[in-house]
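Step one of this worksheet: look at the structure below.
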Amino acid sequence: MLIPKRNEKLLLKKLQGLVTNLKWEPEKVADLFTALLKRFNSTPTNTRAHLYTWMMKMLHCIEIHYVTPSWACPTGKMVFDLIEDKTVADEDVKKCLADDSEKKLDEILNEIRKQELNQIDEMMLKKVKNIVSSVEETFSLSNGESQLSGLEKDLLNICKAAEKTKFKPQLTQMVSWCIMALSDSGRLIQVCTGEGKSCTVAMFAAFRAMKGEKVDIMSSSLVLAERDMKDWEEFYKTLNISVSCNTNKHTGRDLKLCYEHMVVYGTAEEFAGDWLKQHFSRSDIFGQRKFQCVIADEVDSLMLDKGHHVVYLSTAMPAMRHLSPLFALIWATVNQYAEIGSLRVRQQKPFQQVVLENIKMIKGIDEFTILQLAEDSGMLAKGSARAIRNNPSLFQEKTESVTVNQLVEFFNAVEIKFPLMPLCSAQQKHR
């Protein structure tokens, strides 16, 4: 079996997804792969060139329909029995995998109870059951809405809007919606592949928007943000909720118009960048909008995969980046003050000493080089560099009369001699 390395990695990732997302045991995944491979080889018309595509399609079908090793079709056949049955065509296998009856409400609630990190108490689960049951019973009735109130009425209206524009939400999506709607604070919800995460997100966003709140939906990529916004645009429109996406906005005016909408899709990077523009560049991006409700789609990607991503603001003054070392050193100096009483502070180290200590931390630069540079720039008197080198205790005496202008000249000299000197990095390590 020869599969290109790139495709081999993608295939391995797909198999690992069964373990991560669908809780397959690794041994069962290996058995599944073997069974699928035997099935492929048993068909004379199949060629090795089509193996990768065929395998990915079968695994994708298993993934999106949440097929587990204990899955059984309506006729009672288990997943391995179905795959090993050579009398069933490939397309019929896919149809059978897709023809899975929806989970019952009690079954969904029991799955929640059995989760290792479950933090949902029985009282909330009882409320969830009552709400979802009431909506299910009255969903098809013309006068059902008048009999409901509170969250039941909200869920019914949202489900009807979803059915009109997309599809009727499943019980899993309703349960997820209820758990978030009943939570007084932030709530982490695990929705497995194929259980309609985008639908759940849109339903909850609509609920908060109907309460008059502004909702920001952070997706893991701009492609997903734009896709979900377009897919659910008609759904929001049915509920009289305006929606937009903050990606690919090239002017401040475009961004401000975007944030005037009730629901805004985007990436964490775009939201962070726009916040920086508002608060640091003093651009009017958000207008009167405040962060009232944030929904992080694929929060594991946001916190883990992209946990070290940094957002920078571009500037029309490139030289501003050279001030970063100075700002870092000023911050270090401020941290040298210690509170003694309610009003009094004392300085533990002079600014010049903090500068020297931080520069000394940079690899490849010795103390005497910096002292000589300070002397050459006029910050220190002639002969001071050698005197301090011979007797370090003279440092404070030689630098106590340094003026601000002399410090500026010194930093200019440092910038010229070491144009890429990472003072900020050294300062961050110091803090």
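The values are calculated or read from the model by the stated rules, or taken from the named source; none is laboratory data. Here the structure is a predicted model, which is why all the values come from computation and not from measurement. Heads up, the Cβs are rebuilt from the backbone with ideal geometry, glycines too, and the neighbour counts pull from every protein chain shown. These accessible areas exclude ligands, DNA and RNA; they are computed on the full protein's heavy atoms, side chains included. Shrake-Rupley method; radii C 1.70, N 1.55, O 1.52, S 1.80 Å.
Key figures for this structure:
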| read-out | value |
| --- | --- |
| Any hit, region 254-270, residues being open to solvent by less than 10 Å² (accessible area, probe 1.4 Å), modelled with pLDDT of 90 or more and in a loop (DSSP other than H, G, I, E, B) | yes |
| Exclusive hit being open to solvent by less than 80 Å² (accessible area, probe 1.4 Å) and of a type in the set (D, E, K, R), set LYS23, LYS57, LYS94 | LYS94 |
| Answer residue from region 238-253, given it is outside any loop (DSSP other than H, G, I, E, B) and in contact with a strand residue (DSSP E or B) (Cβ under 6 Å, 6 or more places away or on another chain) and is nearest to ASP154 (Cα to Cα) among those | VAL243 |
| Hits in region 210-227 (condition: in a helix (DSSP H, G or I) and surrounded by fewer than 22 Cβ atoms within 10 Å (Cβ to Cβ)) | MET210, LEU222, VAL223, LEU224, GLU226, ARG227 |
| Residue match in region 250-272 (condition: closer than 30 Å to LEU171 by Cα and of a type in the set (D, E, K, R)) | no |
| First in region 200-220 and more than 16 Å from LYS166 (Cβ to Cβ), second anywhere and open to solvent by 50 Å² or more (accessible area, probe 1.4 Å) and assigned to a strand (DSSP E or B), Cβ under 6 Å, 6 or more apart | ASP216/VAL294 |
| Residue check, GLU63 under 30 Å from LYS103 (Cβ atoms) and open to solvent by 30 Å² or more (accessible area, probe 1.4 Å) | no |
| Residue tally, condition free of Cβ contacts under 8 Å to residues at least 60 places away in the same chain, farther than 23 Å from ASP121 by Cα and either open to solvent by 20 Å² or more (accessible area, probe 1.4 Å) or among the aromatic types (Phe, Trp, Tyr) (or both), over region 155-197 | 5 |
| Meets criteria (assigned to a loop (DSSP other than H, G, I, E, B) and surrounded by 12 or more Cβ atoms within 10 Å (Cβ to Cβ)) for THR68 | yes |
| Hey, LEU82 surrounded by 14 or more Cβ atoms within 10 Å (Cβ to Cβ), more than 35 Å from the chain's Cα centre (by Cα), touching a residue at least 12 places away in the same chain (Cβ under 8 Å) and within 29 Å of PRO169 (Cβ to Cβ) or not | yes |
| Leading residue by the ranking (modelled with the highest pLDDT) among those in region 142-154 that are farther than 16 Å from ALA209 by Cα and loosely packed, with under 12 Cβ neighbours inside 10 Å | SER149 |
| Filter pass, GLY383 being surrounded by fewer than 18 Cβ atoms within 10 Å (Cβ to Cβ) and either in contact with a strand residue (DSSP E or B) (Cβ under 8 Å, 6 or more places away or on another chain) or modelled with pLDDT of 85 or more (or both) | yes |
| Test: THR45 is in a helix (DSSP H, G or I), more than 31 Å from the chain's Cα centre (by Cα) and exposed (fewer than 13 other Cβ atoms within 10 Å of the Cβ) | no |
| Single residue of region 386-407 satisfying the filter (modelled with pLDDT under 85 and basic (Lys, Arg)) that is farthest from PHE368 (Cα to Cα) | LYS398 |
| Single unsatisfied condition, MET262 versus (1) touching a residue at least 40 places away in the same chain (Cβ under 8 Å); (2) touching a Cys at 6+ places or on another chain (Cβ under 9 Å) | (2) |
| When residues of region 85-99 are limited to those that are within 26 Å of GLY196 (Cβ to Cβ) and of a type in the set (A, V, I, L, M), the one farthest from the chain's Cα centre (by Cα) | VAL93 |
